[in-house]
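Remarks on the structure that follows.
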Amino acid sequence: MTIAGMQEAVDAAAAEQGFGDRVGIWDAPSKSSAKFDLGCAGVLLVVAVILLIIAWVVTGFDSLVVMVPLALLVLWFVLLGIKGLIVLARSDHHGVFLYRTGLIRTDGQRISEVIDLRRSRVTEEGVQRYRKGMKSGQPLITFTIDGPHGTSRVKGDANFNQQVLPAIKQTAAEARLPEVTEALQRGEEVPFGELTLTATGFRVAGAEPTPYPEINTLTTSNGLFEIAYGTVNQRTHSQPIGRTPDFVVLASLLAGLSCKAWT
């Protein structure tokens, strides 16, 4: 079943969970090798046909030494293409259905995960690829989503990386922010890695709380965020953005509560 065939069932599940309007749908074949087989077979088949035409013009099909290998080559490419079609026809699709406050994933003909983004935390991790000591392409991004559903990972690849992951990050932040704000108003503490927020200030692991008005600057650079704070002796705290759960939520709250803009 394709992603279109799953849409009605997924929308019904999202409505039952109260996830709100749909933000987007993305899918990718789970048998990506099928497309590669088809592409290779098509290109090589064209080359083989051209060689056959050349052989016919030059030899008039009189040379078995030339024609038999070429005929076997064409047959091989045809079989490779047939194999790709069969695999592609049988392949299922991995689907990502994103809603205002939730995310549903499908695997073939079934719903595999229902994730409430309002109660989940998203951590982003990027792995840079290298070739001959030089950076190769964009980093491979993986989102880890922890919540009542357990732990889910959405990995970026050629199909998902450019569109799905940024949309998930922004949507998850918008869904999570009201829940975190209400928790702070109730007097709860909300951790963001080594940093913990309270209603009146923040606390670095192992240190005393610091009121929000004592924040001097908020900066991001080279994959890190840094907070400079203190009225007498200025101190700083920095940590990797990619390893900070719900960094977009944290950044929004720190800016609002300290009345400082990120630079």
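The values are calculated or read from the model by the stated rules, or taken from the named source; none is laboratory data. Because the structure is predicted, anything quoted here is derived from the model rather than measured. Cβ: placed from backbone, ideal geometry, glycine included. Neighbour counts: every protein chain shown. Note: accessible area is taken over every heavy atom of the protein model, side chains too, but ligands, DNA and RNA are not part of it. Shrake-Rupley method; radii C 1.70, N 1.55, O 1.52, S 1.80 Å.
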**Q.** Whichever residue in region 20-52 is of a type in the set (D, E, K, R) and outside any loop (DSSP other than H, G, I, E, B) and, among such residues, is modelled with the highest pLDDT
**A.** ARG22
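Of all residues in region 172-202, which are polar (S, T, N, Q) and under 18 Å from ILE215 (Cα atoms)? Spell out how you get there, then give the answer.
Filtering region 172-202 down to residues polar (S, T, N, Q) leaves 181, 185, 196, 198, 200.
Correct list: THR196, THR198, THR200.
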Q: Run GLU188 past the list (1) surrounded by fewer than 18 Cβ atoms within 10 Å (Cβ to Cβ); (2) at pLDDT below 90; (3) out of contact with any Pro (no Cβ under 9 Å at 6 or more places or on another chain) and report the number of the one that doesn't hold.
A: (2)
Q. Within region 114-126, is there a residue that is open to solvent by 70 Å² or more (accessible area, probe 1.4 Å), modelled with pLDDT of 70 or more and either closer than 30 Å to ILE50 by Cβ or not in a loop (DSSP other than H, G, I, E, B) (or both)?
A. yes
Q. In the set GLY95, GLY84, GLY102, which member is open to solvent by less than 30 Å² (accessible area, probe 1.4 Å), in contact with a Leu (Cβ under 6 Å, 6 or more places away or on another chain) and modelled with pLDDT of 80 or more?
A. GLY102
